[in-house]
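These notes concern the structure reproduced below.
The values are calculated or read from the model by the stated rules, or taken from the named source; none is laboratory data. None of these values were measured; they are calculated from a predicted model. Here the Cβ positions follow ideal geometry from the backbone for every residue, glycine too, while neighbour counts run over all protein chains shown. Accessible surface is based on the protein model in full, side chains and every heavy atom, while ligands, DNA and RNA are left aside. Shrake-Rupley method; radii C 1.70, N 1.55, O 1.52, S 1.80 Å.
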Amino acid sequence: MNLFSVFLVIGLFLGCKNEPTKTEATLRITKSIPIAQTLTSRTIAIDPVVLFQYKNNALLSFYKSINYVTVWGKEKTRKTVLEQLAKSDEEGLNPLDYNITKLMDYEQKIATLTGQELANFDILITLNFQKYISHLTNGRVNPRNIYKKWDLKENKIDVNKTIRQLLKSDSLSEKIELLKPNHIVYKRLKNALKIINTFPIDNFKKIRITGNVYPNDSNRAVIDIKKRLIYWHDLQPKDSLSLIYDNETVKAMKKFQTRHGLGADGIIGKGTVESLNFSKEQRKEQILVNLERWKWFPKNMGNEYIIVNIPDYKLTLVKNQDTLRTHRVIVGRPKRKTPVLSSKLTQVIFNPTWTVPPTILREDVIPAILKNRSYLTQTKIRLYDRNGNAIPAYSWSISNAYNYRYVQIPGKFNSLGMVKMIFPNRFSVYLHDTNHRDFFEKTERSLSSGCIRVDNPIALTEYLLNDPTRWNLEKITETLQNEKTEYATINKKVFFHLLYWTAWSEKNKLVFRDDIYTLDAVLYKALGN
């Protein structure tokens, strides 16, 4: 019996060792994490019939190219994409456009999703990521549908190929960043959006004044003006506000005027009041439409390029991402808009002739001749018939007015001034000098018929020709004094971009310009925000 008891005890002991305790069993389950790990790492087949229901060729094509299986099984990759969609508002986009609520709901439940639900989740990620990439690289709106004078090439991208490449990348976030516009202005616009979002809701009433308000004036509107300046951080907050337009407020007003491209004289006039009356929401809309517009602009401006911001009346020459020089410009008035385009500078013409274009002939020259028969002689415009024969000015008649070619001879009086710079484009616009250089002193310079008049064109021309022997300043001056037309080729590869944007930030300050062609409102409506 003693021996049997020993074997019984040994048997019971061994039996207990083979059966885990409750604590050990719980620990093993916790360590294995079987459900989530299995569901998120395995590849699941996708029924093509399900894809057909989306009626999206790009979606179908993507899954066909990868043999109809899921691709977002890796948690890190999937969450990176979801994070990008969730913060798409930083790019001026709307996360709700990418079904972010439903996607996040799927992600939270991923450990319990069935195979079919995982397939649906995968499809939904792909569908919205495709849309996001398209919006990021090309914007949400086709500019050709809303703007007439637009000639920029579309930023074409193979979205499906891009996604396949991204899936192979070890640095997905960095690769997605490369899809975004990388120009400094776009980055400053993104910063402007962050800044505007820090401002509280405003409920200001419209400011109205009669005439102008000058320094030291007393005016009932001054209190409301001070409140606006305080709101926009141009004026320090005050315990009490008076009706007097004091020196401190004048300094603050000059800051405000500078940020809005107004004459910084401290005088409160119509233009200043109009800018003061913009609400926070209106300024945010302005930032959003410019973020959209910059997604249409060329991703690669070139190593050396000239960029003209039409509403800012400013030309900037950039090389290796450094600004080398800036020039004031005069652009087309609203009825004769300067187009948006990209090209390359090819030629300089010294002492150019000017052939009057049809619109100017119809709206300006012929009415001027009818008022003053000496107009052609005074402006040194010569007439030619269709065969190129010269026609005396006294022979001009209204019945044949449109059968002539009108050419202004070279000289300081010439409408193009003494220099013309060519960049091929279908709108026949160009950079040129002007016989009204005093216009550059104006704050608002949308005064031309579409072409771009540039201040100090001789210095710009010398730089572009980059030929110290043949086209130094002395040689250029001598050529201009001869008043004979001469041509010079621009051998440097300098790209030319005529663009339009009305908002950005500088040194963490919001900057705005007047929407001189009312393009912002049209775009905001098209975005459907």
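Could you name every one of the strands (runs of 3 or more DSSP E) located completely within segment 412-529 that has at least 2 residues being open to solvent by 40 Å² or more (accessible area, probe 1.4 Å) and at pLDDT 95 or above?
Qualifying strands (runs of 3 or more DSSP E): 486-489.
Quick check on ASN99: is it over 25 Å from the mean Cα position of the chain (by Cα), surrounded by 15 or more Cβ atoms within 10 Å (Cβ to Cβ), among the polar types (S, T, N, Q) and closer than 26 Å to LEU523 by Cα?
yes
So, in segment 333-348, exactly how many residues are surrounded by fewer than 20 Cβ atoms within 10 Å (Cβ to Cβ) and closer than 18 Å to ASN435 by Cα?
Within segment 333-348, residues that are surrounded by fewer than 20 Cβ atoms within 10 Å (Cβ to Cβ) and closer than 18 Å to ASN435 by Cα number 1.
Name the pairs: first residue in segment 242-253 and more than 11 Å from GLY266 (Cβ to Cβ), second residue open to solvent by 10 Å² or more (accessible area, probe 1.4 Å), Cβ to Cβ under 6 Å, at least 6 apart or on different chains?
Between residues of segment 242-253 that are more than 11 Å from GLY266 (Cβ to Cβ) and residues that are open to solvent by 10 Å² or more (accessible area, probe 1.4 Å), the close pairs are LEU243/SER218; ILE244/SER218.
Kindly list the number of the only condition in (1) in contact with a Leu (Cβ under 8 Å, 6 or more places away or on another chain); (2) open to solvent by 10 Å² or more (accessible area, probe 1.4 Å); (3) of a type outside the set (D, E, K, R); (4) part of a loop (DSSP other than H, G, I, E, B) that fails for ASN300.
Here ASN300 meets the rest and fails (1).
I need the full set of residues from segment 448-506 which are under 16 Å from ASN414 (Cβ atoms), in contact with a helix residue (DSSP H, G or I) (Cβ under 8 Å, 6 or more places away or on another chain) and β-branched (Val, Ile, Thr), in order please.
Result: VAL454, ILE458, THR461.
Just one of TYR524, TYR463 is more than 26 Å from SER448 (Cα to Cα) and within 29 Å of the chain's Cα centre (by Cα); which is it?
TYR524
Among the residues of segment 102-121, count how many are free of Cβ contacts under 8 Å to residues at least 40 places away in the same chain and either among the charged types (D, E, K, R) or surrounded by 17 or more Cβ atoms within 10 Å (Cβ to Cβ) (or both).
7
Condition check ((1) of a type in the set (Lys, Arg); (2) open to solvent by less than 50 Å² (accessible area, probe 1.4 Å); (3) touching a Ser or Thr at 6+ places or on another chain (Cβ under 8 Å); (4) farther than 22 Å from ILE452 by Cβ) across all residues:
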position	(1), (2), (3), (4)
LYS255	yes, no, no, yes
THR272	no, yes, no, yes
LEU288	no, yes, no, yes
PRO311	no, yes, yes, no
VAL331	no, yes, yes, no
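Say whether the condition of being of a type outside the set (Gly, Ala, Ser) and assigned to a helix (DSSP H, G or I) is met by at least one residue in segment 200-213.
no
Among the residues of segment 166-199, what is the count of those that are without any contact (Cβ under 8 Å) to a residue 12 or more places away in the chain, closer than 21 Å to ASN508 by Cα and part of a loop (DSSP other than H, G, I, E, B)?
1
Of everything in segment 340-357, what is outside any strand (DSSP E or B) and in contact with a helix residue (DSSP H, G or I) (Cβ under 9 Å, 6 or more places away or on another chain)? Give them in sequence order.
Correct list: LEU345, ASN351, VAL356.
Just to be sure, is LEU136 in contact (Cβ under 8 Å) with a residue 24 or more places away in the chain, in a helix (DSSP H, G or I) and in contact with a Pro (Cβ under 9 Å, 6 or more places away or on another chain)?
Taking the combined requirement at face value, the residue satisfies it.
Name the residue, out of VAL159, VAL185, that is crowded, with 16+ Cβ neighbours inside 10 Å, over 24 Å from LEU96 (Cα atoms) and touching a helix residue (DSSP H, G or I) at 6+ places or on another chain (Cβ under 7 Å).
VAL185
For segment 377-389, what are the residues that are outside any loop (DSSP other than H, G, I, E, B), in contact with a Lys or Arg (Cβ under 9 Å, 6 or more places away or on another chain) and either aliphatic (A, V, I, L, M) or loosely packed, with under 11 Cβ neighbours inside 10 Å (or both)?
Matches in segment 377-389: LEU383 only.
Which of the residues spanning segment 352-376 are aliphatic (A, V, I, L, M), open to solvent by less than 60 Å² (accessible area, probe 1.4 Å) and without any contact (Cβ under 8 Å) to a residue 60 or more places away in the chain?
Listed by number, the residues that qualify are VAL356, LEU361, VAL365, ILE366, ALA368, ILE369, LEU376.
Out of ARG228, ARG259, ARG220, ARG293, which single residue is of a type in the set (D, E, K, R) and touching a strand residue (DSSP E or B) at 6+ places or on another chain (Cβ under 7 Å)?
Matching residue, one of ARG228, ARG259, ARG220, ARG293: ARG259.
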